[in-house]
């Protein structure tokens with residue numbers, strides 16, 4: 001395990017956390033409210049999240065609400081050590097994470113925070129929830145909330161197979177989360193990660209995106225805005241049609257492999273890029289992943305078709321294939337926006353983590369009424385978050401008149 005100099009790193013982390021806090025006004029308002037209401041008094045929350053400055057502010061908010069928090073990383077390369085040091089030193093939060101941790105430590109960290117007998121779980125990718133199911137360490141758990149698309153897919157499968165042992169709120173499916181975090185956050189931060197790792201010019205490049213969900217849409221918008229020629233690969237005919245109507249070229253992966261300069265996977269599935277694609281790629285091709293797990297680019301296949309590899313710079317590895325072409329892999333195929341950059345901007349995570357905080361509060365309030373199912377966050381909570389965000393931005397909107405409301409609620413709309 002890497003030794004972290006807490007004394008040196010903690011002050012640096014604290015400054016960065018404060019910087020993020022200034023750009024998270026909605027979460028700050030919720031934190032002030034929680035100080036008064038203490039919704040988590042005498043409760044334990046175990047969280048598996050990316051250990052970033054924004055996460056630190058969520059953790060502090062939950063602590064303000066009276067919770068005892070235990071934190072582990074949801075990705076081996078996304079932890080900001082200075083943030084972990086600050087949380088440990090100043091907030092006295094047990095943090096089981098460090099940047100570059102191996103799979104063994106990652107698994108042990110999740111077991112550690114589960115062993116604390118938490119009342120609530122917060123997850124990003126559903127590894128923590130899945131482990132609770134596998135180990136049967138869930139009998140005292142009131143409920144959980146899931147942050148990302150990949151995790152929601154997994155918990156919905158647990159529900160489908162009648163294996164979900166407690167209610168879970170699909171935070172990712174909240175409109176104030178996926179319409180903003182997934183689109184604007186992923187779009188900007190993925191480009192940021194690619195540029196930090198490579199320092200390439202995107203203008204004029206053939207930029208291939210696999211998956212046209214909200215994350216893919218946001219990434220396509222940003223890449224287009226920087227002058228790239230954007231191509232979309234999809235398996236969903238409706239999303240493929242939408243991509244075409246949005247002005248992007250749509251084609252099969254094997255055809256895209258021949259022309260792409262930069263490839264980014266953002267599907268949540270395995271084997272999106274495999275040996276058959278690598279062998280078709282041009283010399284100098286760059287590969288990146290913006291999906292939660294490092295399974296979208298088949299790394300075993302890449303190793304098999306390569307005769308050697310070497311590290312060129314931080315988060316950039318060169319694979320020389322047996323056909324002598326070179327392919328460049330970013331951030332070991334892990335989440336490039338967090339492994340090679342700092343993740344989503346604080347302003348957009350303000351919405352996401354406000355949603356997480358209020359989802360946790362909702363679970364406590366409705367604990368006796370909720371079944372062992374996956375739930376959406378109630379519309380009124382989402383709208384509260386949106387209104388607070390608008391207010392913080394100095395934006396006012398109109399309200400429906402009583403007559404307008406009655407008209408919309410009438411079945412006689414034509415009268």
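The values are calculated or read from the model by the stated rules, or taken from the named source; none is laboratory data. In this text the structure is predicted, and so the values were computed from the model without any measurement. Positions of Cβ are backbone-derived with ideal geometry, glycine not excepted, and every protein chain shown enters the neighbour counts.
Across region 64-89, the qualifying residues are those that are buried (at least 24 other Cβ atoms within 10 Å of the Cβ) and assigned to a strand (DSSP E or B), and the one among them that is nearest to the chain's Cα centre (by Cα) is 73. Candidates 31, 20: the one that is closer than 25 Å to residue 81 by Cβ, at pLDDT 95 or above, surrounded by 15 or more Cβ atoms within 10 Å (Cβ to Cβ) and under 21 Å from the mean Cα position of the chain (by Cα) is 20.
Against the definition (closer than 16 Å to residue 353 by Cα, in contact with a helix residue (DSSP H, G or I) (Cβ under 7 Å, 6 or more places away or on another chain) and part of a helix (DSSP H, G or I)), how does residue 30 come out, yes or no?
Working: closer than 16 Å to residue 353 by Cα: yes; in contact with a helix residue (DSSP H, G or I) (Cβ under 7 Å, 6 or more places away or on another chain): yes; part of a helix (DSSP H, G or I): yes.
It is true that residue 30 is closer than 16 Å to residue 353 by Cα, in contact with a helix residue (DSSP H, G or I) (Cβ under 7 Å, 6 or more places away or on another chain) and part of a helix (DSSP H, G or I).
Among the residues of region 122-150, count how many are outside any loop (DSSP other than H, G, I, E, B) and within 19 Å of residue 162 (Cβ to Cβ).
10
The set of residues from region 336-368 being touching a strand residue (DSSP E or B) at 6+ places or on another chain (Cβ under 7 Å) and either closer than 24 Å to residue 83 by Cβ or without any contact (Cβ under 8 Å) to a residue 24 or more places away in the chain (or both) comprises 336, 340, 356, 359, 360.
From the list 412, 332, which residue is surrounded by fewer than 19 Cβ atoms within 10 Å (Cβ to Cβ), outside the structural domain of residue 76 (by TED's automatic domain parsing) and under 21 Å from the mean Cα position of the chain (by Cα)?
Details: 412 fails: under 21 Å from the mean Cα position of the chain (by Cα).
Checking each option against the conditions leaves just 332.
Just to check your reading of the model, which residue among 357, 367 is surrounded by 14 or more Cβ atoms within 10 Å (Cβ to Cβ) and more than 21 Å from the chain's Cα centre (by Cα)? Unique residue meeting the criteria: 367.
Rundown of residues vs (1) free of Cβ contacts under 8 Å to residues at least 40 places away in the same chain; (2) touching a helix residue (DSSP H, G or I) at 6+ places or on another chain (Cβ under 7 Å), yes/no style:
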site	(1), (2)
147	no, yes
154	yes, yes
159	no, no
164	no, yes
168	no, yes
171	no, yes
175	no, yes
180	no, yes
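When residue 92 is tested against (1) surrounded by fewer than 20 Cβ atoms within 10 Å (Cβ to Cβ); (2) under 27 Å from residue 60 (Cβ atoms); (3) in contact with a helix residue (DSSP H, G or I) (Cβ under 7 Å, 6 or more places away or on another chain), only condition (3) is not met. Among residues of region 200-214 that are touching a residue at least 60 places away in the same chain (Cβ under 8 Å), those with a beta-carbon under 6 Å from a residue that is surrounded by 20 or more Cβ atoms within 10 Å (Cβ to Cβ) and in a loop (DSSP other than H, G, I, E, B) at least six positions away or on a different chain give the pairs 202/228; 210/267; 210/272; 211/266; 211/267.
Scanning region 251-263 for any residue that is assigned by TED's automatic domain parsing to the domain that holds residue 202 and within 18 Å of residue 186 (Cα to Cα) turns up at least one such residue. Note on region 220-249: residues that are closer than 20 Å to residue 291 by Cα and either in a strand (DSSP E or B) or outside the structural domain of residue 204 (by TED's automatic domain parsing) (or both) total 4.
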